[in-house]
Amino acid sequence: MEQDFFKSNAFIMSSQYSMLRIRLKVPTYFQHVLEELSFAFQKWNCYSYSLMTTHKSSLISIYSQFLAAIESLKAFWDVMDEIDEKTWVLEPEKPPRSATARRIALGNNVSINIEVDPRHPTMLPECFFLGADHVVKPLGIKLSRNIHLWDPENSVLQNLKDVLEIDFPARAILEKSDFTMDCGICYAYQLDGAIPDQVCDNSQCEQPFHQICLYEWLRGLLTSRQSFNIIFGECPYCSKVSKLLITSHKMS
């Protein structure tokens with residue numbers, strides 16, 4: 001405990017949204033002054049609040065600010081809950097309340113990764129597609145062509161359906177295992193917490209790979225070549241593919 005503080009108390013309070021923690025530190029020079037208050041939902045690395053406190057602030061006023069901050073995130077959590085309940089989320093496997101990203105299955109070996117802004121949860125999120133080029137390029141074209149249809153009054157999920165002109169795989173009909181193929185190099189689904197996100201462009205193959213596995217494979221081939229952050233080379237799974245590209249900016 002810091003020497004400047006007389007004591008530190010932890011309070012666990014539940015709400016309808018999450019289990020939250022408040023820590024109060026009381027300075028030695030004035031025991032009843034709340035100089036610092038911190039709160040967190042597990043690891044909240046994308047959003048923070050400044051609580052207005054003075055020497056006259058009461059615990060009730062600080063607690064009210066805290067509840068107001070939580071209430072302001074209700075719309076964000078409603079958006080994420082609908083996605084989790086109505087789609088097959090590939091990553092994260094067990095989303096914490098602080099997670100703003102979802103990788104959603106669109107079909108076999110094709111998915112979309114979205115990043116939702118907690119401050120404006122129904123606005124168009126950051127999107128990128130994962131899968132073979134011949135599958136994801138048409139989706140990218142639809143996104144660009146229909147982006148004017150995005151309506152913040154509708155949910156993110158409904159907007160994605162309208163803009164991409166798709167229906168998400170139904171949870172009532174399909175299983176998550178239908179979208180979780182193992183890597184064609186290490187023959188595992190998860191590798192250090194990562195799942196396969198690279199797919200062979202050959203429509204007769206479409207074998208998925210972990211990015212790190214494919215990177216190491218292509219780097220070891222004499223015939224591979226690199227242009228900026230893209231490596232071109234032969235697919236390690238099928239002999240019919242002349243090249244396979246991978247973004248290498250995540251590689252060390």
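The values are calculated or read from the model by the stated rules, or taken from the named source; none is laboratory data. Because the structure is a prediction, the values reported are computed rather than measured. Heads up, the Cβs are rebuilt from the backbone with ideal geometry, glycines too, and the neighbour counts pull from every protein chain shown. Just so you know, the surface numbers come from the protein's heavy atoms only, side chains and all, with ligands and any DNA or RNA stripped out. Shrake-Rupley method; radii C 1.70, N 1.55, O 1.52, S 1.80 Å.
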Charge sum, other residues only, whose C-beta stays under 14 Å from Asp167's C-beta, Lys/Arg counted +1 and Asp/Glu -1: +2
Order of exposure, largest accessible area first, which applies to Met80, Met181 with probe 1.4 Å: Met181, Met80
Out-of-range pairs (alpha-carbon distance over 26 Å; input Lys74/Lys142; Lys94/Lys161; Lys74/Lys94; Lys86/Lys142): Lys74/Lys142
Cα-projected label distance for Arg97 with Asp133, points at 7 Å along beta-carbon direction, nm: 4.5
Cα gyration tensor category, rounded, prolate or oblate, for region 69-151 with a/c compared to 1.5: oblate
Length released on extending from Cys238 to Leu222, taking residue separation times 0.36 nm less the Cα-Cα span: 4.0 nm
Cβ-based net charge around Gly193, under 10 Å, with every Lys or Arg adding one and every Asp or Glu removing one: -3
Protection-proxy order for peptides 139-147, 124-132, each taking the mean of Cβ atoms within 10 Å per residue, highest first: 124-132, 139-147
